[in-house]
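A short worksheet on the structure shown next.
Just so it is clear, none of the values below were taken in a lab; they were calculated from the coordinates. Predicted model only: the values in this text are computed from it and were never measured. Neighbour counts run over all protein chains shown; Cβ positions are idealised from the backbone, glycine included.
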Amino acid sequence: MSNVIWKIKTFEEFTVPELYAVLKARIDVFVIEQNCPYPDLDNYDQKAVHIWAEENGEVLANCRIFNRGIKYDEASIGRVLTTEKARGKSLGKLLIQYAVETIENRFHTSEIRISAQDYLLKFYSDFGFEDTGKKYLEDNIPHTEMLRK
């Protein structure tokens, strides 16, 4: 993991190979690995800031962040993933750390709402996210809405 490069870009700033690599990672993890045929291309990528780690052009960790009023009243983080190859190397922790910092710096807010897969509740609580008690199934996976103030 020595040649990992972190990138933060708006949709307009993507190169075509970068966009392809990010979408490939999302489909590999969410559609194939988690067996969820869902509409990944939801017309929100254009409104997001994208954060990812890559090595030799391959995406290892990725998320997208939104300003207030796009997904929720608060800023938000979504499509969080670490690819199979990159797990266990703390890239997910760095990713969320960068996402929170980028939201604070670009959107000037510390309030962030997320929809977390339930097995990650402890992971997100380490970053100050609190369980709102709002729970639901999304694509047959239990999720909980969490808020960081």
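Things worth noting here:
- Those GluC sites (Glu not before Pro) in segment 108-149 that DSSP places in a loop and that have at most 14 other beta carbons within 10 Å: none
- Dipole of segment 5-112, positive end: most advanced residue of Val22, Val59, Gly92 [Cβ charges, Cα centre]: Gly92
- Annotation for segment 105-149 versus segment 33-52: alpha-carbon center distance of 17 Å.
- Put in line by how crowded their Cβ is, counting other Cβ atoms within 10 Å and starting with the fewest, Thr132, Thr144 read Thr132, Thr144.
- Estimated dipole of the chain in Debye, rounded to 20 [Cβ of Lys and Arg +1, of Asp and Glu -1, Cα centre]: 220
- Cross-link partners of Lys135 among lysines, defined as those whose alpha carbon lies under 23 angstrom from its own and excluding same-chain residues fewer than eight positions apart: Lys71, Lys122, Lys149.
- Paramagnetic reach from Gln97 (point 7 Å along Cα→Cβ, amide N under 17 Å) across segment 47-62: 51-54, 61-62
- Charge context of Ile5, other residues only, Cβ under 10 angstrom, K/R +1, D/E -1: -1
- Reachable aspartates and glutamates from Lys85, criterion Cα separation under 20 angstrom, eight or more residues apart if same chain: Glu18, Asp28, Glu33, Glu54, Glu55, Glu58
- Near Val49: Cβ cut-off under 14 Å, other residues only, Lys/Arg at +1 and Asp/Glu at -1. The net charge is +2.
- Taking the DSSP bridge list for the chain and keeping only pairs wholly inside it, about 95 percent are antiparallel.
- Sorting Trp6, Trp52 from the fewest to the most surrounding beta carbons within 10 angstrom yields Trp6, Trp52.
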